[in-house]
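Visitor: Would you mind keeping the following structure in view while I ask a few things?
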Protein chains: 2
Amino acid sequence: MKTLPVLPTICCGPETPPLDEHARTELAARFKALADPTRVAIVNRLAAANEVCVCDLTGAFELSQPTISHHLRLLREAGLVESSRRGTNAYYRLVPDAIAALRAALG
Amino acid sequence: MKTLPVLPTICCGPETPPLDEHARTELAARFKALADPTRVAIVNRLAAANEVCVCDLTGAFELSQPTISHHLRLLREAGLVESSRRGTNAYYRLVPDAIAALRAALG
DNA sequence: CGTCTTCATTGACATCCATCAATGTAACAC
DNA sequence: GTGTTACATTGATGGATGTCAATGAAGACG
């Protein structure tokens, strides 16, 4: 996976062209996935147990089930989590590389 | 500065109370500051040179001067950057601790 | 078959956000 | 003083976002 560093940059001076369009958009999209308190908390839960059933999440937050599902979708589309179904349940887990890539981008 | 870790969590199981309300909100607010391509690029520029004049930024992006000023304000309010004026110019620089705190929250 | 249960999707609504044009402010130059 | 330059702020607008109620889809269990 590409790293897209923010801190160690191409470098310097008023003449430097701004960060590649695609790189900015990519990074911003991933940060946007974490730009909501509920999604931060969901990622937190997923980090605590390496697999969490949606039913546990809907129980843990005072939000409707569709809202939780909506946030999970955003996290999934951002590539930060992945899911699999077993029976009628859906289980979500973090994508460690995606988190690591974000951390790398911050330095 | 408090660290607000996301990955190394309070820990575990469906019984675990969700992340402290204040902690989620705080973290989400900071990630939101990076949830826009222009702001990612601005932070990138600031990381490349440890002080950048606003005039250089307005020149580097194809956006109006008020829009750049708006983004700088958001970054400033999030505590990610700080500014000082010398003469008629304003110079912005990163707040390294704030960036480090975000990185820490990701692991 | 039918009925739950679990999750996803849709539709609607209120709020927030990125953007720009216009205006304001403050410092320099003359 | 006048004028100019560099940023900030305001106001307006189109688009995105978080939320829920209602509905849909797919398994499990009789």
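Throughout, read-outs are computed from the coordinates displayed, never taken from laboratory work. Predicted model only: the values in this text are computed from it and were never measured. All Cβ positions, even for glycine, are placed from backbone atoms using ideal geometry, and neighbour counts span all protein chains on display.
Visitor: Given H placed 1.01 Å from N in the peptide plane, which residues other than close sequence neighbours of A:V81 have an amide H under 5 Å from its amide H?
Guide: Here the answer is A:R76, A:V95, since their amide H atoms fall under 5 Å of that of A:V81.
Visitor: Here's a follow-up. To the nearest 0.05, what FRET efficiency results for A:E51 and B:D20 with a Förster distance of 22 Å applied to their C-beta separation?
Guide: 0.45
Visitor: Can you tell me the order of B:23-34, A:50-61 when each peptide is scored by its average per-residue count of other Cβ atoms within 10 angstrom, highest first?
Guide: B:23-34, A:50-61
Visitor: Ordered by packing density, taken as the mean number of other Cβ atoms within 10 Å over each peptide's residues, highest first, how do A:75-85, B:62-72 rank?
Guide: Ranked by mean Cβ neighbours within 10 Å, highest first: A:75-85, B:62-72.
Visitor: Label position 7 Å from Cα toward Cβ: report the copy-to-copy distances for A:R76 in nm, one decimal, ordered from shortest.
Guide: 4.2
Visitor: Separate question: Take peptide A:45-54, look around each residue's Cβ out to 10 angstrom, count Cβ atoms belonging to other protein chains, and average those counts.
Guide: Mean partner-chain Cβ count within 10 Å for A:45-54: 4.
Visitor: Say R0 is 35 Å: what FRET efficiency, to the nearest 0.05, do A:E82 and A:E62 get from their beta-carbon distance?
Guide: The formula returns an efficiency of 0.85 here.
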